[in-house]
Every structure is written in C-alpha cells, then in structure tokens.
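The numbers here are math on the coordinates, done by the rules we state, and not lab data. This structure is a prediction, so every number in the text was calculated from the model and none was measured. All Cβ positions, even for glycine, are placed from backbone atoms using ideal geometry, and neighbour counts span all protein chains on display.
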C-alpha cells in the first residue's frame, strides 16, 4: 500500500503520468472516489504516459478505447451502470483478455468483477487536497 497527497489538478495529472510509466500491458487499475475527487484527471495522466493526449471520461459511452499507440488503453466508467449484467453485455471479460491497460472509474460499483491482480486507487478529500491510497495486489 502507498499513500500520496495531491494538492492540485496539475499534480494529479503528473502523478497519473508517472504512475502510468510503471504499468505493463495487462494492468487493471480500479479507481474509487467521490464525484470530483480527481479520478478522471488521474486517468488523463495515465493516458498521456502512453501517448494519448485526448482522454475524456466515458460517463455516457461507458468505455473509451484508445488504440492508436503501441499499448492500447481501455477507459471505463461504471457510474451509470445499474446491474452487473450491463458490464457483461459490453464485453468486460473480453477486455480483460486483451493486451493493454484497463482504467475503471467508479470501480467500487462492481468490485466482484475485477481480477485478483487489480491495482486499487482510492481518492479521498482531505484538508491538504486529495489523498490517494494505492493498494497493490
């Protein structure tokens, strides 16, 4: 487990970038945090570390596939999903079998869907900014 204090949006992007540089293809990152905690900014930093400059939250599309670089990134948002059946229907299991990085915002909605090797990132507000608690498998 690792804890980090993030004081600004830029620090969140920078931390996501450096975090992403350490990931290998096949990594699954599950993000948990309240609305506005910084999950999307973290994901944007990770995506930038793989060469993707455009990375928006897939709140309405459920998944954004970034596939133009050497390592694809599959960015999910579970916020609008009501049942785990919806997750199966969009091909979750197939995504887990693909080479690439999987980033999931609102992962705590279906924690049972994640493999044992998932890296969990919990983002909470505190008086100094945001606290990231990273739990490695």
Computed over the chain: relative contact order in percent, which uses C-alpha pairs under 8 Å that are six or more apart | 36
Which value at 222 nm does the chain reach when only helices count, each DSSP H run of 4 or more adding -39,500 (n - 2.57), with the total divided by all residues and rounded to the nearest 500 deg cm²/dmol?
-> -7500 deg cm²/dmol
Using only alpha carbon pairs under 8 Å that are at least six residues apart, calculate the relative contact order of region 1-48 and give it in whole percent.
-> 55
Compute the distance in nm between two label points, each set 7 Å from the Cα along the Cα-to-Cβ direction, one at residue 4 and one at residue 108.
-> 2.0
Between helix 39-49 and the chain: long-axis angle, C-alpha atoms, 0 to 90°, nearest 10 | 80
Spatial extent of region 26-129: Rg and Dmax, with the Cα atoms as the point set, Å | 13.1, 41
Burial-style ranking of 24-37, 85-98, 42-55, average other-beta-carbon count within 10 Å with highest first, yields 42-55, 24-37, 85-98
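Using R₀ = 30 Å, calculate the FRET efficiency as 1/(1 + (r/R₀)^6) where r is the Cβ-Cβ separation of residue 133 and residue 98; round to 0.05. The partial results should precede the final answer.
Numbers: r = 27 Å, r/R0 = 0.92.
My answer for the efficiency is 0.65.
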With both partners inside region 2-135, how many of the DSSP beta bridges are antiparallel, as a percent to the nearest 5?
-> 55
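Using a Förster distance of 30 Å, how high is the FRET efficiency between residue 24 and residue 68, based on the Cβ-Cβ distance and rounded to 0.05?
That gives a FRET efficiency of 0.95.
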Using alpha carbons only, how many degrees (0 to 90, rounded to 10) separate the axis of helix 9-21 from the longest principal axis of the chain?
-> 50
